[in-house]
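Below: the structure, in C-alpha cells.
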Amino acid sequence: MTHGSLLAVCRVHALKPDESNVGITAIDKRPVAGPVAVHELGLRADVQADRKNHGGELKALYAYSAEDAAQWAEELGRDIPAGLFGENLRTEGLPVSGALVGERWRIGEAVTLTVTMPRIPCATFGRHMDQPQWAKRFLAKGLPGAYLKVDTVGAIAAGDRVEVLSRPTHGVTVADVSGGLGLEQARALLESENDGEITLGGNVVRAVRRALKRAEAGAPATAP
C-alpha cells in the first residue's frame, strides 16, 4: 500500500478577526511540537470558529500535501508553510488530492482515518490568503486537499508514518469531486455506497446529485 510521512501537525495559533457573519476565524494554524491527541472531532485544543460550515465528524481533520503546497509556492512566488492553508496535517509522499473518497489511512501506531471529501474554498480562505480571486483559483487548480473522519482515536506527531490501509474500487478522487463529477463517476460512487464499501457525505453527496441532475437535463457536469 502507498505510504508517506507526516511533516507537521497544526492547530489554531490565534483567532483572527474576519468579515464573515461569525466575525472571527480559526484558519490561522501553526505546527506544534510533540504528540497531539486526536479525538472524533479533530485535534485536542484545535477549534473551528464557524461550526456551521467547518468541523464536525466528517471534517475532523484537513490534510494537505507538501507536493501540492510546492506547486502553489511556485505559482505564488512565496513559501507555503505548514498550516497556511488552515490544514491540520501536512504530509509528504502521499497524493492527498488524489486520495479516493472512502480511502482509509493510519497515522502512527493507532490513529485511523477515512477520507471523506475535498475542501471547497470559502471567502474566509480568500481573505486569509489576500490573493485576487483566490477561491476561484484554488478550486480551478485541482489540488483541494482532503477532509478526514477519525475512526480510531489516539495521538500523532510530526515524523509519523502515514499509511494507506485500503482504497475503494470506484476510482473517484477528492480532486475529481471538487472539479465536478461526470455521470459515470457519480454512479460509481453510489454503487460503492450501495455495496457498503463507502459512506457518502457532505459536498460529495451534493456533487453526485448535481451530476445526476445535469445528466438528466443533458448538460455536462460543472464544478461545485
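Just a yes or no: is a residue in the range 127-144 small (G, A, S) and out of contact with any helix residue (DSSP H, G or I) (no Cβ under 9 Å at 6 or more places or on another chain)?
Let us first name the residues in the range 127-144 that are small (G, A, S), namely 135, 140, 142.
Narrowing the set further to residues that are out of contact with any helix residue (DSSP H, G or I) (no Cβ under 9 Å at 6 or more places or on another chain) leaves none.
No, the conditions are met nowhere in the range 127-144.
Checking T124, T199 one by one, the residue that is open to solvent by less than 30 Å² (accessible area, probe 1.4 Å) and either within 17 Å of the chain's Cα centre (by Cα) or among the basic types (K, R) (or both) is T124 and no other. Cβ-Cβ distances below 9 Å connect no pair with a first residue in the range 68-81 that is modelled with pLDDT under 95, a second residue that is among the hydroxyl-bearing types (S, T, Y) and open to solvent by less than 30 Å² (accessible area, probe 1.4 Å), and a separation of six or more residues or different chains.
Right, S20: in contact with a helix residue (DSSP H, G or I) (Cβ under 6 Å, 6 or more places away or on another chain), among the small types (G, A, S), open to solvent by less than 70 Å² (accessible area, probe 1.4 Å) and more than 22 Å from T173 (Cβ to Cβ) or not? Steps first, please.
On the way: in contact with a helix residue (DSSP H, G or I) (Cβ under 6 Å, 6 or more places away or on another chain): yes; among the small types (G, A, S): yes; open to solvent by less than 70 Å² (accessible area, probe 1.4 Å): yes; more than 22 Å from T173 (Cβ to Cβ): yes.
Yes; evaluated as a whole, the condition is true for this residue.
Please verify whether L76 is aliphatic (A, V, I, L, M) and closer than 14 Å to V162 by Cα, treating the condition exactly as stated. No; evaluated as a whole, the condition is false for this residue.
The values are calculated or read from the model by the stated rules, or taken from the named source; none is laboratory data. Predicted, not measured: the structure shown is a model, and the values here were computed from it. When we count neighbours, we look across all protein chains shown, and the Cβ atoms used for this are built from the backbone with ideal geometry, even at glycine. Surface areas here come from the heavy atoms of the whole protein model, side chains and all, with no ligands, DNA or RNA. Shrake-Rupley method; radii C 1.70, N 1.55, O 1.52, S 1.80 Å.
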